[in-house]
1. Can I get the semi-axes of the chain's equivalent ellipsoid? Compute them from the C-alpha gyration tensor as square roots of 5 times the eigenvalues, in angstrom, largest first.
2. Over the chain, give the accessible area per residue in Å² for a 1.4 Å probe, as an integer.
3. So what J values fall out for region 169-182 if you push phi through Karplus, 6.51 cos²θ - 1.76 cosθ + 1.60 with θ = phi - 60°, rounded to Hz, Gly and Pro as x?
4. Which order do the peptides 132-142, 62-72 take when ranked by the mean count of other beta-carbon atoms within 10 Å per residue, highest first?
5. Amide H of Glu168 versus every other amide H placed in the peptide plane: which residues, excluding those fewer than 5 positions away on the same chain, fall under 5 Å?
6. Restrict the search to region 166-225; then list the trypsin sites (Lys or Arg not before Pro) that DSSP places in a loop and that have at most 16 other Cβ atoms within 10 Å of their Cβ.
7. Per the Kirkwood formula on distinct C-alpha pairs, the Rh of region 87-160 is how many angstrom?
8. Using just the helices of the chain, give the 222 nm mean residue ellipticity in deg cm²/dmol: DSSP H runs with n ≥ 4 each add -39,500 (n - 2.57), and the total is spread over all residues, rounded to 500.
Amino acid sequence: MRKNIVAGNWKMNKTFQEGIEFAKELKDVLANEKPNCDVVICSPFIHLASLATILEVTEIGVGAENCADKVSGAYTGEVSAAMVASTGAKYVILGHSERRAYYGETAEILKEKVKLALANDLTPIFCIGEVLEEREAEKQNEVVYNQLADSLFELSDEDFSKIVLAYEPVWAIGTGKTASSAQAQEMHAYIRSVIAKKFGNEIADNTSILYGGSCNPSNAKELFSNPDVDGGLIGGASLKVNDFKGVIEGFN
Ligand code: 13P
């Protein structure tokens, strides 16, 4: 059966020292109260190796927020999937709406990133979601379908089954405006039906689909109680241990 996952996405927050402090604190907190879901922290590249070392003995996973679409070579400033994997990180967020919108990441680029992540045994947390105008025009299903089809439909069944999806309606990210529980369930069920059609029922049933967008300790429980919402990708509320713990407790 599919896993329930709460993954933090720190985005461009926390100095190296702040990140280390957070990891040590989270490790202690979760050692005392075992979570009822998988827990992952996705951090800027600079933290990865140290987080992976600190959290090695725990069940808390570590992930990057991005990786390059090239294997290696003269790409100044880029960090490859192999480099991410070499830190001990096991996950990588790909296709986040901020990467798509601010850094021009296209479906084609993301297809390459997904391939390289999988080739290096990283689990992609692949983000999809519509912007407000698309939701208002009732085009959210079409948008999400195309994002899935354009970057992931060429994968083999085996490779697709290694992917975690995150539905993040862009209008809900960092706005305090969460999708309603019903909106989240409706979209997650739709996404699962798309996967079932393309890759079959078994793979669809086993795919974890996370919700992201202003998910916090006060709404996590309700969101996670939906049958097709298998956890969350958490921005703002992943920056403080107490808040993040509150979201994880959405599965209690
Ligand atoms: P917020 O939780 O801050 O809305 O961010 C969600 C997000 O983008 C996670 O990837």
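The values are calculated or read from the model by the stated rules, or taken from the named source; none is laboratory data. Treat the numbers as computed from the prediction; the structure is a model and nothing was measured. Every residue, glycine as well, gets a Cβ built from its backbone with ideal geometry; the counts of neighbours run over all protein chains shown. Surface areas here come from the heavy atoms of the whole protein model, side chains and all, with no ligands, DNA or RNA. Shrake-Rupley method; radii C 1.70, N 1.55, O 1.52, S 1.80 Å.
1. Working: eigenvalues 124, 102, 58 Å².
In descending order the semi-axes read 25, 23, 17 Å.
2. Values: 11580 Å² over 252 residues.
With all protein chains present, the chain gives 46 Å² per residue.
3. Along region 169-182, the couplings run x, 4, 5, 9, 7, x, 9, x, 9, 6, 4, 5, 4, 5 Hz.
4. Values: 132-142: 14.2, 62-72: 20.5.
Descending mean neighbour count gives 62-72, 132-142.
5. Ile128, Gly129, Gly212
6. Numbers: sites: Lys177, Arg192, Lys197, Lys198, Lys221; in loops: Lys177.
Answer by residue number: Lys177.
7. Values: mean 1/r = 0.0767 Å⁻¹.
Over region 87-160, the inverse of the mean reciprocal pair distance is 13.0 Å.
8. Working: 12 runs with 109 residues, N = 252.
Helix-only estimate at 222 nm: -12500 deg cm²/dmol.
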